[in-house]
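Notes to accompany the following structure.
The values are calculated or read from the model by the stated rules, or taken from the named source; none is laboratory data. Here the structure is a predicted model, which means the values were calculated and not measured. Cβ coordinates were reconstructed from backbone atoms using ideal geometry, including for glycine residues, and neighbour counts include every protein chain displayed.
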Amino acid sequence: MNAHDEDRMKQLLRQALPPVETDAEPARDLWPAVLRRLDAEPARAAGSLRQNWFDWALLTGLIVFAAAFPATIPVFLYYL
Amino acid sequence: MSTHPYLRAYLAGIFVTTLILPLILTAFIIVRLVLQLPVPIERGLIFPMALVPAAWGLWNMIWLASHSRTHLAIGLHGAIFPFLLLPIGATVAHCFGILSFGSSSATWFQAIDVPYALIVPAFCCGVAAYYLVWKYIVGGLNRVLGIAV
């Protein structure tokens, strides 16, 4: 590869790869989106806890039933 | 963790019942051998010890196979299971003479009388228990084993 070829190669590479700007920034500010994402996570977790009231009610009902009718516990175990 | 998903589903399914089996065996030894109560409990062990664990594993495999089509939550899938288990268990128990039907109550193990009026709420409690166990324990195991969708 002679000097002419090297120059030609450099020219082709410059055409193919646009120059990287030293102060390149995204088109929009991404930080508000990060903050929104961080805020959404605890809200979603709290929502799932609120939805679990039904499961807690079921568990409470089971415990109350087993305490009221302990004779049914062996039958439960038999079918488990 | 993409290999043998049905094997992992089966293992996750039998986990709970496998943990409870030693408790049932312990209760059997205490009732039958230590206290020497005349309760024919050994005849009733076939269903909980031989059939139920395999059935739980197969039920979890069915959930894995059908979830892509049904999108049914695993808790609801588990809550359907007692509707299948109760008639099978009652049939097995009746055949082995540990469940008899009286005029006002059903008798398990020739010792435990459950009035018919109590069977429906007891069954509802069983459905609720299955819902919770499948949602939190079997579903959690499915996530741990990488087969939860």
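Structure summary
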item	result
Any hit, region B:17-30, residues being crowded, with 19+ Cβ neighbours inside 10 Å and either over 23 Å from B:L132 (Cα atoms) or modelled with pLDDT of 85 or more (or both)	yes
Looking only at region B:136-149, and only at residues there that are more than 27 Å from A:V75 (Cβ to Cβ) and of a type outside the set (V, I, T), the one that is surrounded by the most Cβ atoms within 10 Å (Cβ to Cβ)	B:N142
Count of residues meeting criterion [closer than 14 Å to B:H77 by Cβ and either more than 13 Å from every other protein chain (Cβ to nearest Cβ) or in contact with a Phe, Trp or Tyr (Cβ under 7 Å, 6 or more places away or on another chain) (or both)] in region B:105-136	1
Conditions (1) over 18 Å from A:L77 (Cβ atoms); (2) not in a helix (DSSP H, G or I); number of the one not met by B:T107	(1)
Considering residues of region B:60-88 that are in contact with a Leu (Cβ under 8 Å, 6 or more places away or on another chain) and of a type outside the set (S, T, Y) only, the residue farthest from the other protein chains (Cβ to nearest Cβ)	B:W63
Single match in B:G78, B:G97, B:G13 (criterion: over 21 Å from B:I137 (Cα atoms), in contact (Cβ under 8 Å) with a residue 40 or more places away in the chain and either under 11 Å from the mean Cα position of the chain (by Cα) or outside any helix (DSSP H, G or I) (or both))	B:G97
Filter pass, B:L84 being of a type in the set (A, V, I, L, M), surrounded by fewer than 14 Cβ atoms within 10 Å (Cβ to Cβ) and within 23 Å of B:T17 (Cβ to Cβ)	yes
Residue check, B:G102 away from chain A (no Cβ under 13 Å) and at pLDDT below 90	yes
Qualifying residue in region A:40-62 (condition: at pLDDT below 75, under 29 Å from the mean Cα position of the chain (by Cα) and hydroxyl-bearing (S, T, Y))	yes
In region A:63-77, residue nearest to B:I46 (Cα to Cα) [restricted to those that are facing another protein chain (nearest Cβ under 7 Å) and within 41 Å of the chain's Cα centre (by Cα)]	A:L77
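Conditions (1) in contact with a Ser or Thr (Cβ under 6 Å, 6 or more places away or on another chain); (2) in contact (Cβ under 8 Å) with a residue 24 or more places away in the chain, marked per residue:
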residue: B:T91; (1), (2): no, no
residue: B:S105; (1), (2): no, no
residue: B:D113; (1), (2): yes, no
residue: B:G126; (1), (2): no, yes
residue: B:Y130; (1), (2): no, yes
residue: B:W134; (1), (2): no, yes
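Here is a yes/no grid of residues against (1) exposed (fewer than 15 other Cβ atoms within 10 Å of the Cβ); (2) more than 22 Å from A:A66 (Cα to Cα):
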| site | (1), (2) |
| --- | --- |
| B:M61 | no, yes |
| B:H71 | yes, yes |
| B:A90 | no, no |
| B:A128 | no, no |
| B:W134 | no, no |
